[in-house]
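Here's the structure, in structure tokens; my notes come after.
The values are calculated or read from the model by the stated rules, or taken from the named source; none is laboratory data. On a predicted model such as this, the values are computed, not experimentally measured, just so you know. A quick note on method: Cβ atoms are made from the backbone with ideal geometry, for glycine too, and the neighbour counts reach across all protein chains shown.
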Protein chains: 2
Amino acid sequence: MRIALAQIDTVVGDIAGNQKRVLAALAEACSQKADLVLFPELALTGYPPEDLLLRPGFLKAAERSLEKIARQVRGCVALIGTPHFDSDLYNACAVCAEREIKGYYRKRYLPNYGVFDEDRYFASARDLFLLELGGVKVGITICEDMWQPGPPATDLAIAGAELIVNISASPFHVGRELLREEMFRTRARDMISFVAFCNLVGGQDELVFDGHSVVIDDEGEVIARAAGFEEELLVVEIDPTDVIARRLSDVRKRALARERDVPEIAPLVLTAPKRRLRARTAPAHVTPFADDLEQMRRALTLGLGDYMRKNGFGEIVIGVSGGIDSALTAALAVETMGADHVHCVSMPSRFSSPETREDARRLAEGLGTEFREIEIEPMLREFENALAPAFSGRESDLTEENVQARVRGVLLMALSNKFGWLLVATGNKSELSVGYATLYGDMAGGFALLKDVFKTDVFRLARYLNEQAGRELIPATTIARPPSAELRDNQLDEDSLPPYAELDRVLEAYIEEDRSRDELLRDGFDADVVERAISMIDRAEYKRRQAPPGVKLRPKAFGRDRRTPITSGWRD
Amino acid sequence: MRIALAQIDTVVGDIAGNQKRVLAALAEACSQKADLVLFPELALTGYPPEDLLLRPGFLKAAERSLEKIARQVRGCVALIGTPHFDSDLYNACAVCAEREIKGYYRKRYLPNYGVFDEDRYFASARDLFLLELGGVKVGITICEDMWQPGPPATDLAIAGAELIVNISASPFHVGRELLREEMFRTRARDMISFVAFCNLVGGQDELVFDGHSVVIDDEGEVIARAAGFEEELLVVEIDPTDVIARRLSDVRKRALARERDVPEIAPLVLTAPKRRLRARTAPAHVTPFADDLEQMRRALTLGLGDYMRKNGFGEIVIGVSGGIDSALTAALAVETMGADHVHCVSMPSRFSSPETREDARRLAEGLGTEFREIEIEPMLREFENALAPAFSGRESDLTEENVQARVRGVLLMALSNKFGWLLVATGNKSELSVGYATLYGDMAGGFALLKDVFKTDVFRLARYLNEQAGRELIPATTIARPPSAELRDNQLDEDSLPPYAELDRVLEAYIEEDRSRDELLRDGFDADVVERAISMIDRAEYKRRQAPPGVKLRPKAFGRDRRTPITSGWRD
């Protein structure tokens, strides 16, 4: 039996466009003589459609689109993720064959943690859907269904499924692709069943779906894996006939069957088309996983690129300071859009050193982008004059530093507004965690590319990009110089913050692992670093609430993933 | 039996502070000889604690606090809302008496719609908790439990409860207090049971809890109602002995009992203390509901005041333009904090008319606040110069208007930073809906007071405040003048937007009622207004995502209440 996994990049809400993407992949799969074609979870609406799912007109449009697609399905079976309303709303997998919708499997386990809110939209069902295609029994699951070690997957296996398919929209964070595939391999071994996992790929606001669709045999071996971070139609010939033999000699499933009261499932029987000549598929390929840094690079460029494309932006503007954050942002932007579509703007003040000014220029030259320098002193002077009566007798403090950052924000937004360029903010996760960033200043923008990248990873990524390029995309002097916001004389980040190497470890433990202050101290972190970090993190929530979206890369990103009250008396 | 409803204003996360609030109300209830004292849902942690609930240290702190409180409970029974971990996490009501925790009722129905995310945090239980206090059977429910017409409340009634208590954190929107109380009255009649609803009061980020705690007799009559929008200890003597008589002659509950297989519930029997002399309570009072405008006024001032107090702000700064939005914001700010704590700043440009400049000044004089005028021309000139090389050959457009708004934003934020004043943004819901506001400009601030107030309601509220004050708090000329952003010559809002009276009706239907474009046209709205409004609303999502929090006043507010993707191909 030949299966095709259509790892496509959908657009949330763009039902007409997603229909085209589905039909194109379907035609290609047919031309490769696939018997079964899988599409990702909610392929018709994109994922996550959020409160669009509360609009009846939206659901009707998805339904009409599915009917149109079904009429094009012949000579194979297509499994297509779609919302399905029938007395209540379900996250469903439509089974299309012979030019019609044969039925729906409705998702049982609805994730409502982390970035997920599926209980907000969907009812949960108790379906078991078994398909018999050319004599092979295929069980259907949707995403979270398979993250549970038991039913529906185990019940499907007990009922005879030799292949369990899982259509998913499984978002990325660094390392997740390995955990996920390990889980699927264990499931395949537990159930003595082939597993085919078809994942979404692409960026949607803060989320990136990494693809990495995979087909695993009943011994847990990966027989085919699609690339990460790009579209692919993965076509593979599988032969699940050994499954029955292996199940006869492995009694675990039989033991499980005694425990469970699995209802009789009448499979939907569909004939696989008889083919005179089976077209050849390319031998199944297993695209290797890239390492962490490469995955981060690809997730960032996919997330940014899809945000641009799906929102109709063609060009990017970035304020470059000569520092490493803006340099990395610019290098990734160029990789995403090409140098002709990136505009670098340096906005030096009296506090900018000749070295950083020069590095900003060298960066743009090295990347081949447009470069523009705008001195901010004239604006600063006028703000100082205008505020002098109010500020008389007051010492200079963070206020004056913030004015500098905000003058830059106004200039960049003016360029963005005038030319329709997307302003990409350059702050990293370490800064955003402790509030070491100016609201409406360096935080301004439509997208905050490095929002979920710790400062120590900014350095790692910068070195990595240079290595890969074989040249100094990012000037070595930029990487070597101690970080500074250059908002006053001789300022260094480490005057205000603990060293990043220490800080980032505390941030990771406190933000992503929910370790309490006491636990952090017990873990042996420096008490002063812990106290300062925690108090800064909690106080900065109001700023994060007004930050632009950025790519989630870590197990817990700010935003929908970590929902913290602004008003809070809790001190950890 | 005497019951006390402690309608208190808690602070999310401030467990130590909430403990003090609970103990103070408990002492007062004891001094008034209450037999039963009710506290709101999650009174110990505040509501909603959001992801603080994922921190084990936070849960432990709440548990320790509850134990301390329980040791102070004697001579009465206290029902206290708290998270409770026992194998899994529950939203619970702790029953405290005789200096100990006697047990927990665990919430059955967890709301996970609108502004609620309770499935994210809590497990749902199937408890039925019946208390027998001095011979009176009391059934316990938590918030959403009673919004379901069936169990647990009906099961409790079948099991003999003569009083059903409901501890709640029920957020406000205009008109909700009536709907809610009507629901409770119907429940009381359906169950032939007294109902006591103890609600939270106070502001928490975007939510306002309105109080309006109420005690209803078994015929559905309100016998006591606490004030809205302020703390109150409502003490009332009730006599549920007629309940049994009425149930004998009303067979509905008996019929229901036949349908239900209600488990035997052994009530927790507690003796009501014998009192030599029962202290008198004041006769039960029924505080009348205020009308819509008064409720909006009180919700706005409570929401703003609590945001200030709970986040440690003492002073407010507002940019006043001479227009009605900033005038209403300033008037409400003065009502909240007093004129001495409000700073009005007028920032005229070449486009500001002498009339609006004068109105800005008159407003501040009338309110008695500090007033400062800062001309923005010098900054504008320098921005124009700095951007001239980039903009050469380009027509003036929205960019130049945005620069003006952003220069004002920089000035206001500088004052905010220097003096620790909270910048309150002045935009209304109509503007925010259609994106008629400048990100980092007039949208800048820590709180956006009128974020959920339609422009037509801004006018109504302004007139109402003047009527109530018996003088022109808000200059009549400000109210009479056609709205203008004054960002170019002779500009009127209606040049860019449909008339507000029409626009607001479309916004209400599209945003709050999820009517589709086709439905709106069928409803008879002007096609041009509908098309323009919808396309503007959908395009402005990225701006709203970066807006400050503001008080939810309407059935569906932007933010957690309406979760819309930024990247979306859906066109209604």
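I'd like to know if region A:461-484 contains one or more residues that are among the β-branched types (Val, Ile, Thr), surrounded by 19 or more Cβ atoms within 10 Å (Cβ to Cβ), under 20 Å from A:Leu553 (Cβ atoms) and in the same structural domain as A:Gly366 (by TED's automatic domain parsing). Show your work before the answer.
Applying the first criterion (among the β-branched types (Val, Ile, Thr)) to region A:461-484 yields A:474, A:477-479.
Right, trim to surrounded by 19 or more Cβ atoms within 10 Å (Cβ to Cβ) and you get A:474, A:478.
Still in the running and under 20 Å from A:Leu553 (Cβ atoms): A:474.
Imposing the further condition that a residue be in the same structural domain as A:Gly366 (by TED's automatic domain parsing) reduces the set to A:474.
Yes: one or more hits.
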For the subset of region A:105-119 comprising residues that are outside any loop (DSSP other than H, G, I, E, B) and touching a residue at least 24 places away in the same chain (Cβ under 8 Å), which member is surrounded by the most Cβ atoms within 10 Å (Cβ to Cβ)? A:Tyr105
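Pick out the one residue from B:Glu494, B:Glu513 that is at pLDDT below 95 and farther than 30 Å from B:Asp397 by Cα.
B:Glu513
Working only within region B:72-100, note down all residues that are under 24 Å from the mean Cα position of the chain (by Cα) and more than 14 Å from B:Ala34 (Cα to Cα). Quick ask: steps written out before the conclusion?
Of all residues in region B:72-100, those under 24 Å from the mean Cα position of the chain (by Cα) come to B:79-83, B:90-93.
Within region B:72-100, B:Ile80, B:Gly81, B:Thr82, B:Pro83, B:Tyr90, B:Asn91, B:Ala92, B:Cys93 qualify.
Would you confirm, using the coordinates I've provided, whether A:Asp261 is over 26 Å from the mean Cα position of the chain (by Cα) and either in a loop (DSSP other than H, G, I, E, B) or under 17 Å from A:Pro40 (Cβ atoms) (or both)? Can you show your working first?
Details: over 26 Å from the mean Cα position of the chain (by Cα): yes; either in a loop (DSSP other than H, G, I, E, B) or under 17 Å from A:Pro40 (Cβ atoms) (or both): yes.
The answer is yes for A:Asp261.
Considering A:Val174, A:Val138, which residue is modelled with pLDDT of 95 or more and surrounded by 24 or more Cβ atoms within 10 Å (Cβ to Cβ)?
Working: A:Val174 fails: surrounded by 24 or more Cβ atoms within 10 Å (Cβ to Cβ).
Residue meeting the stated conditions: A:Val138.
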Within region B:433-453, can one find any residue that is part of a helix (DSSP H, G or I), among the basic types (Lys, Arg) and in contact with a helix residue (DSSP H, G or I) (Cβ under 8 Å, 6 or more places away or on another chain)? no
Filter region A:267-301 for residues that are basic (Lys, Arg) and at pLDDT 95 or above and give the result. A:Arg297, A:Arg298
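Tell me the residue from A:Leu44, A:Leu54, A:Leu59 that is touching a residue at least 40 places away in the same chain (Cβ under 8 Å) and within 25 Å of the chain's Cα centre (by Cα), please. Before you say what the answer is, go through the steps one by one.
Working: A:Leu44 fails: touching a residue at least 40 places away in the same chain (Cβ under 8 Å); A:Leu59 fails: touching a residue at least 40 places away in the same chain (Cβ under 8 Å).
Sole residue among the options that is touching a residue at least 40 places away in the same chain (Cβ under 8 Å) and within 25 Å of the chain's Cα centre (by Cα): A:Leu54.
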Give me the residue from region A:390-422 that is facing chain B (nearest Cβ under 7 Å) and under 15 Å from B:Glu400 (Cβ atoms) and, out of that set, surrounded by the most Cβ atoms within 10 Å (Cβ to Cβ). A:Val410
Looking at the structure I just gave you, is B:Val251 at pLDDT 95 or above and out of contact with any Gly (no Cβ under 9 Å at 6 or more places or on another chain)? no
Go through the residues of region B:341-352 one by one and say whether even a single one is crowded, with 23+ Cβ neighbours inside 10 Å, part of a loop (DSSP other than H, G, I, E, B) and not assigned by TED's automatic domain parsing to the domain that holds B:Glu230. yes
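Pick from region B:60-77 the residues that are assigned to a helix (DSSP H, G or I) and among the charged types (D, E, K, R): which of them is nearest to the other protein chains (Cβ to nearest Cβ)?
Checked region B:60-77; the qualifying residue nearest to the other protein chains (Cβ to nearest Cβ) is B:Lys60.
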Please go through (1) of a type in the set (Gly, Ala, Ser); (2) under 25 Å from B:Ile69 (Cβ atoms); (3) at pLDDT below 95 for B:Ala97 and return the number of the only condition it doesn't satisfy. (3)
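Inside region A:501-572, counting only helices (runs of 4 or more DSSP H) that do not spill past its ends, which hold 3 or more residues that are facing another protein chain (nearest Cβ under 10 Å)? Spell out how you get there, then give the answer.
Numbers: elements: A:517-522, A:527-539, A:541-545.
Ranges flagged: A:517-522, A:541-545.
Does B:Leu432 satisfy the criteria of being crowded, with 24+ Cβ neighbours inside 10 Å, within 13 Å of another protein chain (Cβ to nearest Cβ) and in contact (Cβ under 8 Å) with a residue 12 or more places away in the chain? Spell out the reasoning first.
Details: crowded, with 24+ Cβ neighbours inside 10 Å: yes; within 13 Å of another protein chain (Cβ to nearest Cβ): no; in contact (Cβ under 8 Å) with a residue 12 or more places away in the chain: yes.
So B:Leu432 fails the test.
If you check A:Val214 against the conditions, is it closer than 20 Å to A:Thr301 by Cα and within 21 Å of the chain's Cα centre (by Cα)? Reasoning before the result, please.
Numbers: closer than 20 Å to A:Thr301 by Cα: no; within 21 Å of the chain's Cα centre (by Cα): yes.
No: the conditions fail for A:Val214.
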Failed item, numbered, when A:Phe313 is tested on (1) in a loop (DSSP other than H, G, I, E, B); (2) within 14 Å of chain B (Cβ to nearest Cβ); (3) over 26 Å from the mean Cα position of the chain (by Cα): (3)
Return the only residue of B:Gly393, B:Gly446, B:Gly420, B:Gly366 being closer than 27 Å to B:Ile537 by Cβ and not aromatic (Phe, Trp, Tyr). B:Gly446
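Taking the stated definitions as given, is A:Arg254 over 30 Å from the mean Cα position of the chain (by Cα), without any contact (Cβ under 8 Å) to a residue 60 or more places away in the chain and surrounded by 12 or more Cβ atoms within 10 Å (Cβ to Cβ)?
On the way: over 30 Å from the mean Cα position of the chain (by Cα): yes; without any contact (Cβ under 8 Å) to a residue 60 or more places away in the chain: yes; surrounded by 12 or more Cβ atoms within 10 Å (Cβ to Cβ): no.
When the stated conditions are applied, A:Arg254 does not pass them.
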So, of the residues in region A:336-357 that are within 14 Å of another protein chain (Cβ to nearest Cβ) and polar (S, T, N, Q), which turns out to be nearest to A:Ile479 (Cα to Cα)? A:Ser346
Only residues that are free of Cβ contacts under 8 Å to residues at least 40 places away in the same chain, crowded, with 21+ Cβ neighbours inside 10 Å and more than 14 Å from chain B (Cβ to nearest Cβ): list them for region A:363-389, please. A:Thr369
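May I ask you to verify whether B:Asp239 is of a type outside the set (A, V, I, L, M) and buried (at least 20 other Cβ atoms within 10 Å of the Cβ)?
Values: of a type outside the set (A, V, I, L, M): yes; buried (at least 20 other Cβ atoms within 10 Å of the Cβ): no.
Spelling it out, it is not the case that B:Asp239 is of a type outside the set (A, V, I, L, M) and buried (at least 20 other Cβ atoms within 10 Å of the Cβ).
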Return a yes/no flag: does region A:499-518 have any residue that is surrounded by fewer than 21 Cβ atoms within 10 Å (Cβ to Cβ), over 21 Å from B:Val12 (Cβ atoms) and hydrophobic (A, V, I, L, M, F, W, C). yes
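What tally of residues in region B:141-178 results from selecting those that are part of a loop (DSSP other than H, G, I, E, B) and among the charged types (D, E, K, R)?
So the answer is 1.
For B:Ala360, state whether it is in contact with a strand residue (DSSP E or B) (Cβ under 9 Å, 6 or more places away or on another chain), surrounded by 20 or more Cβ atoms within 10 Å (Cβ to Cβ) and either more than 9 Å from chain A (Cβ to nearest Cβ) or at negative phi (or both). Before you say what the answer is, go through the steps one by one.
Details: in contact with a strand residue (DSSP E or B) (Cβ under 9 Å, 6 or more places away or on another chain): yes; surrounded by 20 or more Cβ atoms within 10 Å (Cβ to Cβ): yes; either more than 9 Å from chain A (Cβ to nearest Cβ) or at negative phi (or both): yes.
When the stated conditions are applied, B:Ala360 passes them.
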So which residues in region B:317-369 are closer than 16 Å to B:Val458 by Cα and of a type in the set (Ser, Thr, Tyr)? B:Ser321, B:Ser326, B:Thr329
Which residues, taken from region B:33-59, are assigned to a helix (DSSP H, G or I) and either within 8 Å of chain A (Cβ to nearest Cβ) or among the polar types (S, T, N, Q) (or both)? B:Glu50, B:Asp51, B:Leu52, B:Leu54, B:Pro56, B:Gly57, B:Phe58
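Results for (1) part of a loop (DSSP other than H, G, I, E, B); (2) under 25 Å from A:Ala29 (Cα atoms); (3) aliphatic (A, V, I, L, M), shown as yes or no for each residue.
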{"site": "A:Val215", "(1), (2), (3)": "no, yes, yes"}
{"site": "A:Glu219", "(1), (2), (3)": "yes, no, no"}
{"site": "A:Val236", "(1), (2), (3)": "no, yes, yes"}
{"site": "A:Pro240", "(1), (2), (3)": "yes, yes, no"}
{"site": "A:Val243", "(1), (2), (3)": "no, no, yes"}
{"site": "A:Arg247", "(1), (2), (3)": "no, no, no"}
{"site": "A:Leu256", "(1), (2), (3)": "no, no, yes"}
